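Below is one structure; the comments refer to it alone.
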Amino acid sequence: MESLDRSTIWPYDERGEPGDFYYSRYSSPTVAEAEAALGALDGGEAVLFPSGSGATTSLALSLLEPGDTIALAAGAYYGTGVILQALAKWGLRHVEFDQTGPPPDGVQLIWLEAPSNPFLTMPDLESAVAHPARVVVDSTVATPVNLRPLERGADFALHSATKYLAGHDDVLLGAVIGHDLDDLRTFRSRTGISPAADPAWLLLRGLKTLELRVRRQTETASAIAERLRSHPKVLEVRYPGISGLLSFDVADGDAARRVETALELVVNATSLGGVTSVLESRHRWEGDRVPAGLLRFSAGLEDADALWADLAQALDAA
Ligand code: PLP
């Protein structure tokens, strides 16, 4: 069994030399164990961060220099664009592109999302890895169960481990997986964007059921997507057939709000990838970047028929 070690310090050895662990901002046994488990799943070396956003910020700042440009998948997680925008005053530029085709020339980093949240497009990884720039794939939604970006030629996989990896809506964590991540590790310990032991321990527990959870969530989301497609109140359904995340459109913002507030089993809350099914209108956060009637649904582990019955009665209110 994995152990939970909350210490921040560990004694030097009998010669007075620091061992593998001496101060937890650099590394700690529980975090190292979670990194080993996640690295094995994604086929590389993992570095954990206190959140997915912390992983995004750290990777961008440690890889790039003022004047560099990032090609960001259009429709990727809203918060990624917000972070890159915040970094603009330090000279990092970003341009959006359609990730289902080749990335633009003249960029130093390509940032893909598999599949994108909440538009659920899949990136053209082959075109991206043929580009001279390094490639990051945010595979939070795909998880290593469905996609191992490093095996497909990407330089880095990135996760909000808050979502499927930990899986129980009680952990905030992020991760970057790649090869030779010494610079990123050094950046992390110098800047102090270091994860704590407790969430790492919960991540280790979550990883044990990752595959089971994702398979079940995928089955449920597939069944729900099919039923949504033939529902008269639903204009469009986006579901690429992997993982438990989908989005669909109802007529407008008022209809979306009526669906949200009529739910009884599905929780009207943000986030995704947990054992509890959640649904929310993304317009409240993303504004006109998404259709006003767009609802994002993340399948949990409840009975699929019970979930559909709840969604169907809520759609009646739309
Ligand atoms: N990447 C994706 C695809 C996400 O959905 C999220 C959060 O919603 C993040 C990154 C950011 O992760 P965190 O909320 O753990 O900072």
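Bear in mind that the values in this text are calculations on the coordinates, not laboratory data. Computed from a prediction, not measured in an experiment: that's the story for all the values here. With ideal geometry, Cβ positions are generated from the backbone for all residues, glycine too; neighbour counts draw on all protein chains shown.
Sort 291-304, 46-59, 263-276, 107-120 by packing, meaning the average of other beta carbons within 10 Å per residue, with the highest value first. Could you put the intermediate results ahead of the total?
On the way: 291-304: 21.6, 46-59: 23.1, 263-276: 18.5, 107-120: 25.1.
Ranking, from highest mean packing down: 107-120, 46-59, 291-304, 263-276.
How long is the chain along each principal axis, judged by its Cα atoms, biggest number first, in Å?
If we take the Cα atoms of the chain, the spans are 73, 47, 32 Å.
May I ask you to evaluate 6.51 cos²θ - 1.76 cosθ + 1.60, the Karplus curve with θ = phi - 60°, for each residue of the stretch 70-82 and list the ³J(HN,Hα) values in order in whole Hz, giving x for glycine and proline?
Computed from phi, the couplings for the stretch 70-82 are 9, 8, 9, 4, 5, x, 6, 2, 3, x, 5, x, 5 Hz.
For the modelled label position 7 Å from the Cα of Ala130 along Cα-to-Cβ, which residues of the stretch 78-109 have backbone nitrogen atoms closer than 18 Å?
98-107
Can you pull out the trypsin sites (Lys or Arg not before Pro) in the stretch 136-237 whose DSSP state is coil and whose Cβ has at most 12 other Cβ atoms within 10 Å? Mind dumping the intermediate values first?
On the way: sites: Arg152, Lys163, Arg185, Arg188, Arg190, Arg205, Lys208, Arg213, Arg215, Arg216, Arg227, Arg229, Lys233; in loops: Lys163, Lys208, Lys233.
Passing both the DSSP loop test and the Cβ count: Lys208.
Check Val95: other-chain or 5+ apart residues with amide H under 5 Å from its amide H, H built from backbone geometry?
Ile70, Ala71, Leu72
Where does helix 197-207 land angle-wise versus the long Cα axis of the chain, in degrees 0 to 90, nearest 10?
50 degrees
Go ahead and collect, in residue order, the members of the stretch 168-184 whose backbone nitrogen is under 18 Å from a label point 7 Å along the Cα-Cβ direction of Arg25.
183-184
Output wanted: per-residue J couplings in Hz (rounded whole) for the stretch 281-287, from phi through Karplus 6.51 cos²θ - 1.76 cosθ + 1.60, θ = phi - 60°, x for Gly and Pro.
6, 7, 5, 4, 9, 9, x
Using only the C-alpha atoms of the stretch 69-141, find the volume of their convex hull and express it per residue in Å³.
Numbers: hull volume 5.2 nm³, N = 73.
So the per-residue hull volume is 72 Å³.
Between Glu14, Glu35, Glu236, find the one with the highest GNM mean-square fluctuation for the chain; connect C-alpha pairs within less than 10 Å.
Evaluated over the chain, the most mobile residue of the options is Glu14.
Given labels modelled 7 Å from the Cα in the Cβ direction, how far is it in nm from Asp183 to Lys208?
Each label point lies 7 Å from its Cα, and together they span 3.8 nm.
Put a dot 7 Å past each Cα toward the Cβ at Asp254 and Thr8; how far apart are the dots in nm?
5.5 nm
Using a 7 Å offset from Cα along Cα-Cβ at Glu226, what residues in the stretch 238-252 end up with backbone N under 20 Å from the label point?
Zone members listed by number: 238-249.
What does the convex hull of the Cα atoms come to per residue for the stretch 4-81, in Å³? Intermediate values should be presented prior to the final figure.
Values: hull volume 11.8 nm³, N = 78.
Looking at the stretch 4-81, the number lands at 151 Å³ per residue.
Mind listing the long-range amide H neighbours of Val135? Cut-off is under 5 Å, sequence gap 5 or more, other chains count too, H placed in the peptide plane at 1.01 Å from N.
Residues meeting the amide H criterion: Ile110, Asp155, Phe156.
For the stretch 106-149, what does the equivalent ellipsoid look like in terms of its semi-axes, each the square root of 5 times an eigenvalue of the Cα gyration tensor, given largest first in whole Å? Could you put the intermediate results ahead of the total?
On the way: eigenvalues 72, 24, 15 Å².
Over the Cα atoms of the stretch 106-149, the semi-axes work out to 19, 11, 9 Å.
Grab the Cα-Cα distance for Ala36 and Lys89, subtract it from 0.36 nm times how many residues apart they are, and report the gain in nm with one decimal. Mind dumping the intermediate values first?
Details: separation 53, 0.36 × 53 = 19.08 nm, distance 3.54 nm.
So the chain would gain 15.5 nm between Ala36 and Lys89.
Please report the relative contact order for the chain, taking Cα pairs under 8 Å with a sequence separation of at least 6, and give it as a percent rounded to a whole number.
Contact order relative to length: 16 percent.
Could you let me know the centre-to-centre spacing of the stretch 1-24 and the stretch 217-238, using Cα atoms, in angstrom?
So the separation of the two Cα centres works out to 50 Å.
Under a 10 Å cutoff between Cα atoms, tell me which one of Leu235, Leu158, Leu246 has the largest fluctuation in the Gaussian network model of the chain.
For the chain, modelled as a Gaussian network with Cα springs under 10 Å, the answer is Leu235.
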